[in-house]
Amino acid sequence: MPEVLTAEEWQAVALSLRVSFWATLLSLPLGIFVAYALARWEFWGRQVLNGLVHLPLILPPVVTGYLLLLTFGRRGYVGQFLDQWFGIVLAFRWTGAALAAAVMAFPLMVRAIRLAIEAVDPKLEQAAGTLGASRGWVFLTVTLPLILPGIVAGAILAFAKAMGEFGATITFVSNIPGQTQTLPSAIYAFLQVPGGEAQAFRLVLVAIVVAMGALLLSEWVSRAVARRIAGG
């Protein structure tokens, strides 16, 4: 029977939860907007946007992390601007880990929300529009309640993906204990030292529990919300 997690292991778990929470929360509004644009709008560059959204799923995570480092590092165009004007540094900080996790989880979030939007009959939105409602009001009162299960599912899947993100994170923010060492990074670090297998195994169990819990919660919440909407 595995012993209780050590302080160092709990620190990695807590940081992963923190990173995943903020990665999901901050990317959710953009995820809803992008999913709606891809599902409902016709515009030049739509396929390019769709490709960019799903690019992190195709590229090696290390490549994504390197691109983030080039862009948001202290010498990157965006990173240099943020540092000089706002004092915001992302590289080698936990906030950078949240950014990397958000980028890697974004495709799963967008896909789940997009499928939910595409399942909504456009005639319902058109009917509300003919009654004088603006596009924003139609989205808030008609579309949003109907796609809520998809939003919940997308957010939970993104959270789970962020918890397991490794390649892009370690490339962008390194593996600094107590600062950027997330759950996967800690597992990797423990496997590199003699006698660290036991600690790595305990964290593997935590990762499995969190991942399975997220999947089950996603299914349960989505069905509960769907039943509530149908009954309401």
So, first residue charged (D, E, K, R) in region 132-143, second residue part of a helix (DSSP H, G or I), Cβ within less than 8 Å, six or more apart or across chains; the pairs are 135/129
Residue set 25, 67, 15; condition surrounded by 18 or more Cβ atoms within 10 Å (Cβ to Cβ), assigned to a helix (DSSP H, G or I), without any contact (Cβ under 8 Å) to a residue 12 or more places away in the chain and not charged (D, E, K, R); output residue 67
Identify the single condition in (1) of a type in the set (Val, Ile, Thr); (2) over 30 Å from residue 199 (Cα atoms); (3) out of contact with any Pro (no Cβ under 9 Å at 6 or more places or on another chain); (4) touching a residue at least 24 places away in the same chain (Cβ under 8 Å) that residue 78 does not satisfy, given that it satisfies every other one. (4)
Scan region 71-89 and tell me whether some residue there is small (Gly, Ala, Ser), closer than 24 Å to residue 183 by Cα and either modelled with pLDDT of 95 or more or in a helix (DSSP H, G or I) (or both). no
Filtered residue count, region 29-56, keeping only those that are open to solvent by less than 40 Å² (accessible area, probe 1.4 Å) and of a type in the set (A, V, I, L, M, F, W, C): 7
Filtering region 176-206 down to residues that are over 14 Å from residue 7 (Cα atoms), open to solvent by 40 Å² or more (accessible area, probe 1.4 Å) and outside any loop (DSSP other than H, G, I, E, B) yields 188, 191, 197, 198, 201, 204, 205
Those residues of region 169-179 which are closer than 16 Å to residue 72 by Cα and either within 18 Å of the chain's Cα centre (by Cα) or of a type outside the set (S, T, N, Q) (or both), in sequence order: 169, 170, 171, 172, 173
Evaluation of residue 167 against (1) at pLDDT 90 or above; (2) open to solvent by 40 Å² or more (accessible area, probe 1.4 Å); (3) not β-branched (Val, Ile, Thr) (one fails), failing number: (2)
Residues being in contact with a Phe, Trp or Tyr (Cβ under 6 Å, 6 or more places away or on another chain) and open to solvent by 50 Å² or more (accessible area, probe 1.4 Å): count how many of those fall in region 70-109. 1
Which residue, of 209, 138, 221, 142, is more than 20 Å from residue 94 (Cα to Cα), open to solvent by 50 Å² or more (accessible area, probe 1.4 Å) and in a helix (DSSP H, G or I)? 209
List the pairs whose first member sits in region 45-62 and is free of Cβ contacts under 8 Å to residues at least 40 places away in the same chain and polar (S, T, N, Q), whose second member is surrounded by 15 or more Cβ atoms within 10 Å (Cβ to Cβ) and assigned to a helix (DSSP H, G or I), and whose Cβ atoms are under 8 Å apart, counting only residues at least 6 apart or on separate chains? 50/38
Picking from 6, 95, the residue that is hydroxyl-bearing (Ser, Thr, Tyr), under 17 Å from the mean Cα position of the chain (by Cα), modelled with pLDDT under 95 and more than 20 Å from residue 211 (Cβ to Cβ) would be 95
If I filter region 110-135 down to residues being open to solvent by 70 Å² or more (accessible area, probe 1.4 Å) and among the acidic types (Asp, Glu), which single residue comes out as modelled with the highest pLDDT? 118
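The values are calculated or read from the model by the stated rules, or taken from the named source; none is laboratory data. Keep in mind the model is a prediction, meaning the values are calculated, not measured. Neighbour counts run over all protein chains shown; Cβ positions are idealised from the backbone, glycine included. All accessible areas refer to the heavy atoms of the entire protein, side chains included, with ligands and DNA or RNA removed. Shrake-Rupley method; radii C 1.70, N 1.55, O 1.52, S 1.80 Å.
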